[in-house]
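A quick write-up on the structure given underneath.
The values are calculated or read from the model by the stated rules, or taken from the named source; none is laboratory data. If you're wondering where the values come from, they're calculated on a predicted model, not measured in any experiment. Ideal geometry is used to build each Cβ from the backbone, glycine not excepted, and the neighbour counts take in all protein chains shown.
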Amino acid sequence: MEKRNKIYEGKAKIIYSTDDPEYVIQYFKDDATAFNGAKKGSVTDKGIFNNKISTKIFEFLAGEGIPTHFVKNLSDREMLVKKVEIIQLETVVRNKAAGSFSRNYGVKEGELLNATILEFCYKRDDLNDPLINDTHIKVLNLASVDELQKIKEYTYKVNELMSKFFKNLNLELVDFKLEYGRFHGDILLADEISPDTCRLWELGTGEKLDKDRFRHDLGNIEDAYQEVLNRVLS
């Protein structure tokens with residue numbers, strides 16, 4: 001597969017075209033951002049950690065029947081993926097109170113929720129990714145009723161699968177975000193699944209092994225990502 005031109009650069013990844021219009025190469029950067037880009041920095045080898053962790057989890061989810069854009073790993077920082085049309089939604093799942101949920105609703109961080117929360121955000125950096133609901137999604141023509149139903153079904157299944165996956169690694173999946181895309185009429189899980197997109201706490205101690213270490217200047221960021229990778233690969 002021949003790598004060609006850069007076609008998109010985001011906060012954490014660069015997308016390159018290939019000699020096959022059906023596929024693109026997703027390159028993972030070391031850049032780190034938080035609070036909708038208000039905080040910026042770099043984490044040594046973060047791109048390598050996230051690429052390898054995402055590879056393993058995409059492979060696991062595909063084996064459990066979740067369709068994804070992932071095709072194969074190409075290098076430490078690159079994976080080959082299907083060229084999807086990204087749906088402008090961030091799908092957020094919350095199993096425990098943390099982050100913006102705790103801030104917005106006054107719920108103590110770490111409190112177990114009596115129901116799993118599924119939220120949608122409009123994927124627009126210029127609008128600070130506002131929360132939206134099913135009616136907003138319909139009015140803004142972001143996804144059809146059938147597409148939204150499929151996204152919900154996949155997301156609840158992913159939460160079930162990943163919660164068990166990480167629990168077996170002595171990690172608690174507190175919350176996470178997903179992105180989906182369209183590919184020949186199908187809905188595919190896209191983007192990445194890593195400590196950048198998941199809150200992962202050590203079972204028993206509550207130690208944070210995720211992007212919160214960057215967000216809140218907790219230190220040992222590289223060590224936390226490396227630890228997650230070590231467990232995922234074990």
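Kindly provide the set of residues from the range 124-141 that are within 22 Å of LYS157 (Cα to Cα) and crowded, with 16+ Cβ neighbours inside 10 Å, ordered by number. If the condition is that a residue be within 22 Å of LYS157 (Cα to Cα) and crowded, with 16+ Cβ neighbours inside 10 Å, then ILE132, ILE137 are the ones that fit. Here TYR16 does not fit the description of being closer than 24 Å to ILE137 by Cα, over 17 Å from the mean Cα position of the chain (by Cα) and not polar (S, T, N, Q). If the condition is being surrounded by fewer than 14 Cβ atoms within 10 Å (Cβ to Cβ), in a helix (DSSP H, G or I) and of a type in the set (Ser, Thr, Tyr), then the range 142-175 contributes only TYR156. Here ALA115 meets each of (1) surrounded by 13 or more Cβ atoms within 10 Å (Cβ to Cβ); (2) in a strand (DSSP E or B); (3) not hydroxyl-bearing (Ser, Thr, Tyr) with one exception, condition (1). Please find, among THR91, THR55, the residue that is out of contact with any Pro (no Cβ under 7 Å at 6 or more places or on another chain), hydroxyl-bearing (Ser, Thr, Tyr) and not in a helix (DSSP H, G or I). After ruling out the rest, the residue left standing is THR91.
Filtered by the rule that a residue be assigned to a strand (DSSP E or B), touching a Lys or Arg at 6+ places or on another chain (Cβ under 9 Å) and of a type in the set (Lys, Arg), the range 3-23 gives a lone residue, LYS13. Within the range 1-27, residues that are on the phi > 0 side of the Ramachandran plot and of a type in the set (Gly, Ala, Ser) have Cβ atoms under 7 Å from residues that are part of a strand (DSSP E or B) and buried (at least 17 other Cβ atoms within 10 Å of the Cβ) in no pair, counting only partners at least 6 apart in sequence or on another chain.
Scanning the range 208-224 for residues that are surrounded by 22 or more Cβ atoms within 10 Å (Cβ to Cβ) and either outside any helix (DSSP H, G or I) or of a type in the set (D, E, K, R) (or both) yields LEU209, ASP210, LYS211. Could you please find all residues in the range 151-179 being of a type in the set (Val, Ile, Thr) and either under 17 Å from GLY63 (Cβ atoms) or at pLDDT below 95 (or both)? Listed by number, the list holds a single entry, VAL158. Counting the residues of the range 156-205 that are of a type in the set (D, E, K, R), farther than 19 Å from TYR225 by Cβ and touching a residue at least 40 places away in the same chain (Cβ under 8 Å) gives 4.
SER194 - would you say it is hydroxyl-bearing (Ser, Thr, Tyr), surrounded by fewer than 21 Cβ atoms within 10 Å (Cβ to Cβ), within 17 Å of the chain's Cα centre (by Cα) and not in a strand (DSSP E or B)? For SER194, the condition - hydroxyl-bearing (Ser, Thr, Tyr), surrounded by fewer than 21 Cβ atoms within 10 Å (Cβ to Cβ), within 17 Å of the chain's Cα centre (by Cα) and not in a strand (DSSP E or B) - is not met.
Here SER102 clears all of (1) over 16 Å from the mean Cα position of the chain (by Cα); (2) in contact (Cβ under 8 Å) with a residue 12 or more places away in the chain; (3) outside the structural domain of LYS11 (by TED's automatic domain parsing) except the condition numbered (2).
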